[in-house]
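Colleague: Structure provided below as structure tokens; questions to follow.
Just so it is clear, none of the values below were taken in a lab; they were calculated from the coordinates. Fair warning: this is a prediction, and the values are worked out from it, not measured in the lab. Backbone-built Cβ (ideal geometry, glycine too); neighbour counts: all protein chains shown.
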Amino acid sequence: MIPRTAVSQTLHSFLKPLRNGVIAGLCALAVAMALPNRYTSVARILPVESKGIGGNIGLAAAAAAVGLSLPGQDSSDAAYPDILNSYWLRTALLDTEFTFSDRSWHFAAPVSHTVTLRKYFKARTTEAAFRGLDKILRVNRDLKTKLISIEAETKSQELSQQVVRRCSDLLNSFAVEKSMTRGAAKARFAGERLADARKEKTRAENNFFAFLNGNRNYTTSIDPQVRLSGLRLEEEWKLRTQIVATLAVTYEQALLEEKNDTPILNILDPGNYPEEKSSPRRGAITLTVTFLVMLGSWLWSLRGWIQQALRTE
């Protein structure tokens, strides 16, 4: 027959960890209930390869303009995560003013804000602001589908949505406006040269017209000097006319090449308005704390037996 004291000790060794775990779980639940809800908004972007041969080179040059180095990239879309994490884009995001409301804790009243992220993080330096941005913003790229995901998790539903949409707008602005492609450089040079050629053609026309006013029939003139001057002015005018026509065609081709080289971003999801919280997971927190405290209490209650077993071993 088992002594009553042994039964009570055994029961106590099991009930005490259970009691400690329940108490710890209730405390953890109370703390978790006070934590403010956090909401995640996701934007999904699918880049499209440019048709021109200078697309990747142009994007690499544009990335280099903001301090990025992209050697050996297999496609232009591989640069977009680096651009989203670049100093230029993150600084522009930090200096953007957002209007939103959030709660300091779960049961607090909503507070409205109209501030930049730099002021919202209360960062004294840019590096500190970047660390605050790293806590709320994530950028991922699927290697198979090339789909780029931008996720923002904050205490405000409006702020999460506005941050990912602002990131998409900045990325699109970079790809369209700041990508210095070969087509753009060629179009700019061809346009400048076409303007100069038209001025030279106008000057040649004026000189030839002025000569014709006094020498309408210069081709049948008995003066060889008059015939030579007329032929020279006529050839100059025809040459300038041909140059203008050639440069006009080159300029139009350069404009088409510039459009083909411009990267295209298909924004599949501009950034949803999160209706359900993404964290904290209060149930998981409570169960985890309860289990860990129960396990720790149980091991602590068996410390004498464990020490004895170790000595024996």
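Colleague: Given points 7 Å out from each Cα along the Cα-Cβ axis, report the residue 246 to residue 16 separation in nanometres with one decimal.
Modeller: It is 9.9 nm.
Colleague: Over 23 Å between Cα atoms: which of 119/146; 119/155; 146/277; 146/186 fall into that group?
Modeller: Numbers: 119/146 34 Å; 119/155 16 Å; 146/277 28 Å; 146/186 30 Å.
Violating the 23 Å Cα-Cα cut-off are 119/146; 146/277; 146/186.
Colleague: If I take R0 = 25 Å and measure r between the Cβ atoms of residue 139 and residue 34 in this structure, what FRET efficiency does the formula 1/(1 + (r/R0)^6) give, to the nearest 0.05? Please list the in-between numbers first.
Modeller: Values: r = 31 Å, r/R0 = 1.24.
Step by step, r from the Cβ atoms, then E = 0.20.
Colleague: Would you mind calculating the gained length between residue 146 and residue 278 on full extension (0.36 nm times residue separation, minus the Cα-Cα distance), in nm to one decimal? Walk me through the intermediate numbers first.
Modeller: Details: separation 132, 0.36 × 132 = 47.52 nm, distance 2.51 nm.
The residue 146-residue 278 span can extend by a further 45.0 nm.
Colleague: If neighbour count is taken as other Cβ atoms inside 10 Å, put 102, 196 in order from fewest to most. Walk me through the intermediate numbers first.
Modeller: Values: 102 20, 196 13.
With the sparsest Cβ surroundings first, the list reads 196, 102.
Colleague: Turning to a different aspect of this structure: How would you rank 80, 87, going from fewest to most other Cβ atoms within 10 Å of each one's own Cβ?
Modeller: On the way: 80 23, 87 12.
Sorted ascending by nearby Cβ count, the order is 87, 80.
Colleague: Can I ask one more? When only C-alpha pairs under 8 Å and at least 6 residues apart count, what is the relative contact order of segment 187-244, in percent? Write down the numbers at each step before the final one.
Modeller: Values: 32 pairs, mean separation 27.4, N = 58.
About 47 percent, as a whole number.
Colleague: So if each residue of separation counts as 0.36 nm, and I subtract the Cα-Cα distance between residue 195 and residue 227, what length gain in nm does that give? Show your work: numbers first, answer last.
Modeller: Numbers: separation 32, 0.36 × 32 = 11.52 nm, distance 3.09 nm.
This chain segment gains 8.4 nm when fully extended.
Colleague: Follow-up question, since we're still on this one. Given labels modelled 7 Å from the Cα in the Cβ direction, how far is it in nm from residue 312 to residue 210?
Modeller: For residue 312 paired with residue 210, the spin-label model returns 12.1 nm.
Colleague: Here is a further query. Kindly state, to the nearest 0.05, the FRET efficiency for residue 23 paired with residue 96, given R0 = 51 Å and r defined as their beta-carbon distance. Intermediate values should be presented prior to the final figure.
Modeller: On the way: r = 46 Å, r/R0 = 0.91.
Once the sixth-power term is evaluated, E becomes 0.65.
Colleague: Considering only DSSP states other than H, G, I, E and B, which trypsin sites (Lys or Arg not before Pro) in segment 73-153 qualify as loop sites with at most 12 other Cβ atoms within 10 Å?
Modeller: In loop regions of segment 73-153 (DSSP not H, G, I, E or B), the sparsely surrounded trypsin sites (Lys or Arg not before Pro) are 122, 124, 144.
Colleague: For a quick check of your reading of the filter: which chymotrypsin sites (Phe, Trp or Tyr not before Pro) in segment 186-223 sit in a DSSP loop and have no more than 11 other Cβ atoms within 10 Å? Could you put the intermediate results ahead of the total?
Modeller: On the way: sites: 189, 208, 209, 211, 218; in loops: none.
Nothing satisfies the criteria.
Colleague: Separate question: At residue 128 and residue 268, where each label point lies 7 Å from the Cα along Cα→Cβ, what is the point-to-point distance in nanometres?
Modeller: Here the answer is 3.9 nm between the modelled labels.
Colleague: Treating only the Cβ atoms of Lys and Arg (+1) and Asp and Glu (-1) as charged, compute the dipole magnitude of segment 201-313 about its Cα centre; round to the nearest 20 debye. Don't skip to the end; give the middle numbers.
Modeller: Details: 13 positive and 13 negative charges, 87 e Å.
That gives segment 201-313 a dipole magnitude of about 420 debye.
Colleague: Where does each of 281, 193, 165 land when they are ranked from fewest to most other beta-carbon atoms within 10 angstrom?
Modeller: Working: 281 12, 193 15, 165 18.
Listing 281, 193, 165 from fewest to most nearby Cβ atoms yields 281, 193, 165.
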